[in-house]
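Here is the structure we will look at.
Read the figures in this text as sums done on the coordinates, not as results from a lab. Everything numeric here is computed off the predicted structure, so don't read it as measured data. Neighbour counts are summed over all protein chains in view; Cβ atoms, including those assigned to glycine, are modelled from backbone coordinates with ideal geometry.
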Amino acid sequence: MRSCNWLGGHASVLAMDWYGKETLHNTPFTNMTIHGDAVAAIQNVDNFTFARVFQAGHEIPAFQPAAAFEIFAQIIRKEQLHSVP
């Protein structure tokens, strides 16, 4: 089974005490797409991103290698996560 309950992780992030808490709580998820395919739902607030990668669970590189590579590359470049045309 390729699933991991992301709801607990998201609830934990929303409960963190930090300056962007309210903004994150009010920021809707947007789809991150790679070549037109939705690979994740993301929330960006400044340099913080919560990403829910679809069809992956804890082993994102095993089940979604293109998404894992792009997310890693964007983080290394210090970019907010975003879609790739």
Considering amide H positions built from the backbone, and no H for Pro or chain starts, which residues 5 or more places from S83, or on another chain, come under 5 Å of its amide H? T33
Hey, what did the chain get for relative contact order, percent, Cα under 8 Å, at least 6 apart? 29 percent
Backbone HN-Hα couplings from phi across segment 73-85 [Karplus 6.51/-1.76/1.60, Hz, Gly and Pro as x]: 4, 5, 5, 4, 7, 6, 9, 5, 4, 8, 6, 10, x
Sum of -39500 (n - 2.57) over DSSP H runs of 4+, divided by residues of the chain (222 nm, nearest 500): -10000 deg cm²/dmol
Please arrange F50, F69, F63 by how many other C-beta atoms lie within 10 Å of their C-beta, fewest to most. F69, F63, F50
Within a 10 angstrom radius of the beta carbon, how do I75, I42 rank from fewest other beta carbons to most? I75, I42
P(r) over all Cα-Cα pairs of the chain, 5 Å bins from 0 to the longest distance, whole percent per bin, short to long, reads 3, 14, 24, 25, 20, 11, 3, 0
Of all DSSP beta bridges in the chain, what percent run antiparallel (nearest 5)? 90 percent
Which of T49, T27 comes first, and how do the rest follow, when ranked by fewest Cβ neighbours within 10 Å? T27, T49
Computed over the chain: longest principal axis from alpha-carbon atoms vs helix 6-15 long axis, angle to nearest 10 degrees, is 30 degrees
